[in-house]
Structure formats: C-alpha cells, structure tokens
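Structure, as structure tokens:
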Amino acid sequence: MGLRRSQSANGGIGAGGTGRRTGAAPAAADAPKRTGTLAQLRNPPGGQDSRRMLAALFLDRAGNGVWNSALVLYFTVVAHLSAGRIGLLLGIAGLVGIAGPPIAGHLAERLPVRTILVACHLIRVLTLCSVPLCHGFVPLLAVTTATTLCDRGSKTMEIVFAGQTAGAQRATYRALSRVVMNAAYALGAGIAAIAVAVGTGTMYEAVVVGNGVSYLAVAALVLRTSRRAPVAATPAAAGSQSGESDGGPKKARGRNPWRDPGYLLFVLLDVFLNLDDAILTVGVPLWALTRTHAPHAVIPAVMVINTLMCVFLQMSVSARVSGARAAARAACWYGVALLAGCALLAVSGQGGALLATITLVLAAVVLTTAELVRSLVSWELAVSLAPTDAQASYLGVAGMAQALERSAGPVALSSGVLAAGPVGWLGLGAVVTGLGVVQRVASLRRLDRKAAGEGGAAAAGGAATAVA
C-alpha cells in the first residue's frame, strides 16, 4: 500500500492517498457512479489499474479452473499415481501452502505488491511447464507445492492491491473481482472438460503447459499497473506503539500480527466462517452420492447454480454489505444462512429421489447466498480490523484462514460431519452460527476501540499543532 493514506471511518485505506504513482488513472471515487455490472467493469474503482488487474484475475482464475479440474486426472492417467499418493501429495502441498499468505504479507512491507505478484506468476510459469518433465511422486510434489505456495500468496497480494487501488470502494472492487473470477473458473473448468473428453496423456500435458504459459500474460498485465511503494509504519506510529519518546529518530516498525490476540481471534473464527467452500465443493457431492437417492446429475447442477449466482448476484449483495460495521453485522447472517443450508442437507437424506433433488438444489441456493455474504465480510473485516501501519503483514496472516479451511475443511467434513449423518450437519450449522455471533461482537468492539484510538490521536495531533 502507498506511502500516503487517508483513514476512513471503517479503519481501511481511504481512496485518497495510494502512494507513489506513475501515470495512474484518477481515483474512481471521483468518478460518477454507474449502475450495472458491465458498466462497473468498464469503470471499476481504481480506474485503469483495476481494469488491468481484473483482466489478470480472469486469466489467473481460468488457469486455476483448468489446473484444479484436471490435476487429479493428470496424476492418475499420465503420472500413474495411486489414489492414496494423490491424496498425500495434495495434502502436503495444501499444508505447506498455508505459509504462502504470511510470507507474501511480510514481503509486501518491503517490496511493491506488483513485484511480488509478478514473481508469483512467473514461478508458476516454471512449475506448471515443468510438470510433464516430472516423473514420480517427489518431483510432482515439489512443483505442486511451489504452485500452491505462489497461488495462495498471490491471493493475499490481490487483497493488498485492492486496498491500495480502490481504497474505500474496495467492497465494490471485491464484488467485481468475484464476478470475474467465477466466470473465469467456469471457463477453465470447460477447457479441462475438453481435455477429459479427449482423454489422452498428450492432451492433459498440453492443457497443463498451456495453463503455465498463460501466466506470462497474467504477469504482463500486472506489470502494466502502476508501481506503488511498499507500506511501512510511519516513525510516529511506530514510536507510539512501542512506547518510545519523541526525543530522537526512531526506526519505523509496524505492529506484529502474531502478537495481536484480537486479530488472531478474527482469523481463527474466519476459518470456520469460510466452510461454505468445503461444503459446496466436497460436502454436497459426497453427501449426495453416498447418503441420498438424488440422481448424479444434481451434483453438476449444484455447481452451475453456485457459479451463476456468484456471477449475477454478487454486485447486489455488495451494495448491502458495504463498510466494516455492516460486514461485522453480516457475520451473524452468514451463520444463519449456513445453518439453513445444513438443515436442508440433513433433510435431503430422509426421503426419495424427488425430495433429495429439491432439498439439494435449495441447499445450493442458500449456501451460495452464504458464500456471497462471506466473501465480502471476510475481505472487509480483514482490512478494517488491521492497523493502518501494518496492513500487509496483517492481511498475510488473515489469508491463512482460507488456506486452513481448504486444507482441513474437506477432511473434517468427510471424516466427521458426513459420518455423523443429519445430526452432523445440524451440529455444524449451529456451531458456525454461534461463531458468527462471536465474530460480530468481537469485530464491532475492535472497530470501536480502533475508532476511539484514531480519534484520540487526531485530537492529540491537533492540540500539538495549536501549541506550536
């Protein structure tokens, strides 16, 4: 984030100061508001830089859609790995990938975000293009782990970029990025489906290498955005936080997120408030196949419903969840929606094919609604609850929540919730609903303390100016 920041009432980065720019477009906050998703995609918050980043996100997520849809089949058909070894490989890569967000956040206080993003994309060019050259478990584990690390680290840098570029309008930018990313995932899955239909090893290798090469275009788009200096604590902020006097020059140093129990509580709760992802991608398919009489065609229908709702409804939801306090209050409603979705899943196993089909489709709608809310709540609170002098490192720690959920969520669902049956779904929904209430209360209290601290600092600064 930039050297100059204006603090908003929500504790985020204002649209005013975004750091040093070279040829950046005027701030979108100064532009007239335009309705409609397509109109906002043409003129997103942050102007030209945001348009270029959204284009990069489209290519990136299309590549993710290809990779995530084809990698298991590649490991099976081409690399001839057993199911157990594939699970072990993906599990290790996922666990190591948890370190990606905090590492990226730490680097973002020393290097420009653009530099880190370009490096992540170029590393993925190398790792994905080398997949066909890797024979055996260990080489494939190495390239998959490196790819996962860069993927998760780059996602954290995208949040930092949004704060720098979109400022107070970051919720609108987030909604636009979600629309773009879901459309791109669908395209990537479609490309992977072509490879599956052909089914040859050569086709699988071509898809993986083509995905790798596409990250050259992603890196080129990111490189065309304006360079912004990394964020570091101001000497005054660092001094006030360390309790040092103003008697001499101090080394600027931001706060350490690992020593901030309030923020760590937010991250811990956010792990559970991201479970809609594992439920939709793992829980619903496994439950439908093993515990209901629903036809198998319901499973892709659930994915289609999820994608269409994310593309067409994300902007409408973002208009209702705008600002830190609104996001904190919406954490409760996320839990309620998840409980309703879990209740529908519990009912789906109690009847015939028709009841199962209806309840699974309704569950997909309700759970996707929870996802639409969660994507904005998690994003907004991660930024707003972090101190303004150390947001990059804090966002790196916040990025671990989704990484942890993606690693542990599928295992917890398959071995715990699904094994317990309907009671497991109801218990999961009740727990997440309760944690949503805790997240709301804790977040609002932290926002109050942060607002009071900023108000006191402003008053002290005004008094000092008056004395001078």
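The values are calculated or read from the model by the stated rules, or taken from the named source; none is laboratory data. The structure displayed is predicted, hence computed values, not measured ones. In this analysis, Cβ positions are derived from the backbone assuming ideal geometry, glycine residues included, and neighbour counts consider all displayed protein chains.
Selection of region 407-437 for residues being hydroxyl-bearing (Ser, Thr, Tyr) and buried (at least 17 other Cβ atoms within 10 Å of the Cβ) yields 407, 433. Out of 263, 215, 185, 204, one residue alone is over 24 Å from the mean Cα position of the chain (by Cα), part of a helix (DSSP H, G or I), modelled with pLDDT of 80 or more and among the hydroxyl-bearing types (Ser, Thr, Tyr). It is 204.
Summed over region 397-455, the residues that are in contact (Cβ under 8 Å) with a residue 24 or more places away in the chain and among the charged types (D, E, K, R) give a count of 6. The set of residues in region 44-56 being surrounded by 22 or more Cβ atoms within 10 Å (Cβ to Cβ) and either in a helix (DSSP H, G or I) or among the polar types (S, T, N, Q) (or both) consists of 49, 50, 53, 56.
If you go through region 161-198 and keep only what is more than 23 Å from residue 101 (Cα to Cα) and of a type in the set (A, V, I, L, M, F, W, C), you end up with 183, 186, 187, 189, 191, 192, 193, 194, 195, 196, 197, 198.
Among residues of region 86-97 that are more than 15 Å from residue 138 (Cβ to Cβ), those with a beta-carbon under 6 Å from a residue that is surrounded by 19 or more Cβ atoms within 10 Å (Cβ to Cβ) and of a type in the set (Val, Ile, Thr) at least six positions away or on a different chain give the pairs 97/148. Regarding region 142-153, can at least one residue be identified that is among the acidic types (Asp, Glu), in contact with a Lys or Arg (Cβ under 9 Å, 6 or more places away or on another chain) and not assigned by TED's automatic domain parsing to the domain that holds residue 372? Yes, region 142-153 contains a residue that is among the acidic types (Asp, Glu), in contact with a Lys or Arg (Cβ under 9 Å, 6 or more places away or on another chain) and not assigned by TED's automatic domain parsing to the domain that holds residue 372.
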